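Novice: The structure is given below, and queries will be raised subsequently.
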Amino acid sequence: MDRILRSEIVSEVKRGMVEILEVAGERWLTADELCAQFGMFSPSWIKSYGHKLPRQRAEVTDGEGTKATRWAYPQHKIARMINDGTIKNL
């Protein structure tokens, strides 16, 4: 096996592992859990800049208007962003 093929195989395996962790095995955290898991975030930082992190919430619109859950933050995706440095470019 030559170096190029080996490099391509390693790259695909890494990409597959990221996909498994960030999709199938993702764990969604509340803002408080996020702060406890990653000490770099504080509640005040989340309040001011949490919208810059990847996050999701459920929204339902009915006759009385739109109702939404709290925001949830993807643990593995944010951990990867911290590890590879992309968190610096929010």
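We did not get these values from a lab; they are worked out from the coordinates using the rules stated. Predicted, not measured: the structure shown is a model, and the values here were computed from it. Here the Cβ positions follow ideal geometry from the backbone for every residue, glycine too, while neighbour counts run over all protein chains shown.
Novice: Between Asp2 and Lys47, what is the label-point separation in nm under the 7 Å Cα-to-beta-carbon projection?
Specialist: 5.9 nm
Novice: If you average 1/r over all unlike Cα pairs in segment 27-89 and invert the result, what Kirkwood radius do you get in angstrom?
Specialist: 12.7 Å
Novice: Provide the FRET efficiency to the nearest 0.05 for the Met17-Asp62 pair, computing r from the beta carbons and using R0 = 41 Å.
Specialist: E(calc), rounded to 0.05, equals 0.50.
Novice: Still on this structure: What 222 nm value per residue comes from the helices of the chain, counting each DSSP H run with n ≥ 4 as -39,500 (n - 2.57) and dividing by all residues, nearest 500 deg cm²/dmol?
Specialist: After summing the helix terms and dividing by residue count, I get -13500 deg cm²/dmol.
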